[in-house]
Amino acid sequence: MPVFNHNESATAYIHSIVYIRLMSKNIIMKKLLFLFFILFSSQTVMYSQSSTELLVLDNYLIKNNKRGVKVGKFNIPAGEKISLVKDEANLFVLSEDGHLLIKKNATITKSTPWRFEITVKTKDGEKTFELVRDDFIRNKVIAHRGAWKNHDASQNSLKSLKKAIEIGCEGSEFDVWLSSDNKVILSHDPEIGGKKVEETTADELFKIELKDGDKLPSLEEYIKCIKEQNKTRLVLEVKASQKGKERCEAVADSAVRIVHRMNAQAWTDYITFSFDAAKRIRELDPTAKILYLEADKTLEELKAERMSGIDYHYSNFIKDTDLAKKAKSIGLLTNAWTVNKVEDMQTMLDQNIDYITTDEPEILLEILDAKK
């Protein structure tokens, strides 16, 4: 055992005290830095989430023969101003707090143009919107992947979309994924033409030939087609990615931003099995119509998350005959899928379901015509 004199012991003791104090200060500093990092990160995330909300109207449709009525309101924060900088039709007036109205001396009728473009300005810059005269069909009929089954058309093709418009469907449903290089791809299944959508580039996927020489359309082509008329709407399903939550949100993000970039809000509703994707759509667009496809949430949970409605397999409405009434009682829309048998179509109609998604839109249209 080594022997220390008193001076060596005192020096060692002092060194140990100093070391302990330095270590204590170092630990405290690390804790403070860690707390600062957590607080800063949470503020950054909060700011990032709030800043993703897009500028939107709560309505893009204009009723016929109305003077001086409110069209909609922009979602600008309280205290911020917005101004109308372009209105070629000279039909609208915009208040500083975001209310868009038709001028008192202006009327929109069946003989006037049905599409109107305006540009507004906020502190973040200018943005263009398209408003549409409301001639949209309201007959509940949603063509599942377009009207393809009885028209020798490929599912989710431009031909199936055009057929859905031609036969008079209220909506035409279709599905979107992201390719391996993050491009929006239309496909119902995770594979198309023998290729996995999420693991294949968009260029490779767009080379795939569909029925009768049709090509896989882009979302931009689909939107361009739907905007040529104001009778039928799009029902855009954001597919639940097999790659997890972040990928689901990315699909939703990409699709919504394309819809907004092409000013197609008036034509587009959203559905999804992914609750993460649904919440991301709502985060981006606080006024979009979003129906949730998976029956794993209570109606109250969906309402709390600002979902617009439920879009369930029709068997859910058969098992619980009060489901539609319960949903409507708290302000939720209802859709049933995929209803292909006449007796099931009739049951959904008897329950006054808002929308009925079917591979047989022609049959459902015949049933509805017979009721007139």
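Please treat every number below as a calculation from the coordinates, not as lab data. Treat the numbers as computed from the prediction; the structure is a model and nothing was measured. When we count neighbours, we look across all protein chains shown, and the Cβ atoms used for this are built from the backbone with ideal geometry, even at glycine.
Per-residue ellipticity at 222 nm from helix content only, as computed over the chain with -39500 (n - 2.57) for each DSSP H run of at least four residues, stands at -11000 deg cm²/dmol. Kirkwood's formula applied to the C-alpha pairs of the range 137-177 gives a hydrodynamic radius of 9.8 angstrom.
What separates the Cα centres of the range 307-355 and the range 154-188 is a distance of 23 Å. Antiparallel as a % of all DSSP beta bridges within the range 141-371, to the nearest 5? Once the DSSP bridges in the range 141-371 are tallied, antiparallel ones form about 20 percent. Here the gap between residue 189 and residue 224, fully extended at 0.36 nm per residue and compared with their Cα-Cα distance, gives a gain of 10.3 nm. Counting neighbouring beta carbons within 10 Å and listing from fewest to most, the residues 308, 83 come out as 83, 308.
Using Cβ point charges alone (K and R +1, D and E -1), the dipole size of the range 141-371 about the Cα centre works out to roughly 520 debye. Between the range 272-292 and the range 49-126, the alpha-carbon centres lie 23 Å apart.
When the listed pairs 149/372; 140/341; 86/227; 73/140 are checked against a 18 Å cut-off, the alpha-carbon distance exceeds it for 149/372; 86/227; 73/140. Toward the positive end of the charge dipole of the range 141-371, with +1 on the Cβ of Lys and Arg and -1 on the Cβ of Asp and Glu, the farthest Cα among 286, 370, 206 is that of 286. Springs between Cα atoms under 10 Å define the GNM used for the chain, and in it the highest mean-square fluctuation of 160, 111, 172 occurs at 111. Near residue 72, the amide H atoms lying under 5 Å from its own belong to 100; only residues 5 or more places off or on other chains count, and H is placed 1.01 Å from N.
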